[in-house]
Amino acid sequence: MSDASLAAQLQRIFDDEIPLTRAMALRVDQYDGQALALSAPLENNINDKATAFGGSLYSMCVLSGWGLLTLTLKSHDLKGDIVIQDSQIQFLKPLRSARLAVRCAFAEPQQVDEFVSVYQQRGKARRELVAEILADGETAVRFTGRYVALKAD
C-alpha cells in the first residue's frame, strides 16, 4: 500500500472515528514511512488571546504520534491498538500563524523495523516519539510521548 493511500486511510479514521479531529479540522498532510505531518487552521483552535489553544496543540502532538504508529502497523499489514502511556510538552512560543503544523518522526530509520519486530515477537511494543510545531522556523512546541502498541483481540 502506498504512503499516500495510508495517509488517506488515517484521514478517514480522523474524520469518522475521532470527533475532536473534526472540530479541530485536523488534516493529514504527509506520511513517508518515517514521519507524519498534520495541520489544522488557527481559527478552529484559537484561544481568548488570539493564539493557538494549548489543548489543541497538545492534541495535535498526541495524534501525530498515534497516527505515525497506526500507519507503521498498517504499512506492515499488522493490526493493533495504539495508546499514549505518558507524555511531556513544552510550550515555548505563542502561535499565531493561520495554519498550525506538527511533525512527528522516528529518530532513526532503523527504529521503524525495531518497533515492528518487537511487536511481531511479543504482541506489544513501546516507542518514544518526539513531535514539534514550528513558528517562523523555530520550535514553538516540543512534545515527547511514549506510546504502546498492543495486539488487538
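Before moving on, here are some points about what is shown:
- Enumeration of residues in region 129-153 that are of a type in the set (D, E, K, R), in a strand (DSSP E or B) and more than 16 Å from L57 (Cα to Cα): R146
- Inter-residue pairs, beta-carbon under 9 Å, first at positive phi and in region 120-136, second in a strand (DSSP E or B) and open to solvent by 60 Å² or more (accessible area, probe 1.4 Å), 6+ apart: G123/L150
- Residue selection: L71 satisfies the criterion of being at pLDDT 95 or above and in contact with a helix residue (DSSP H, G or I) (Cβ under 7 Å, 6 or more places away or on another chain).
- The residues of region 22-45 that are open to solvent by 10 Å² or more (accessible area, probe 1.4 Å) and free of Cβ contacts under 8 Å to residues at least 60 places away in the same chain, listed by number, are R22, A23, A25, R27, V28, Q30, Y31, D32, P41, L42, E43, N44.
- Members of region 56-108 found to be among the small types (G, A, S), within 20 Å of A25 (Cβ to Cβ), open to solvent by 20 Å² or more (accessible area, probe 1.4 Å) and not in a loop (DSSP other than H, G, I, E, B), listed by number: S59, A101
The values are calculated or read from the model by the stated rules, or taken from the named source; none is laboratory data. All figures in this text were calculated on a predicted structure; none of them were measured in a lab. Quick reminder, even Gly has a Cβ in these numbers, built from the backbone with ideal geometry, and neighbours come from all protein chains shown. Ligands, DNA and RNA are excluded from the accessible area calculation, which covers all protein heavy atoms including side chains. Shrake-Rupley method; radii C 1.70, N 1.55, O 1.52, S 1.80 Å.
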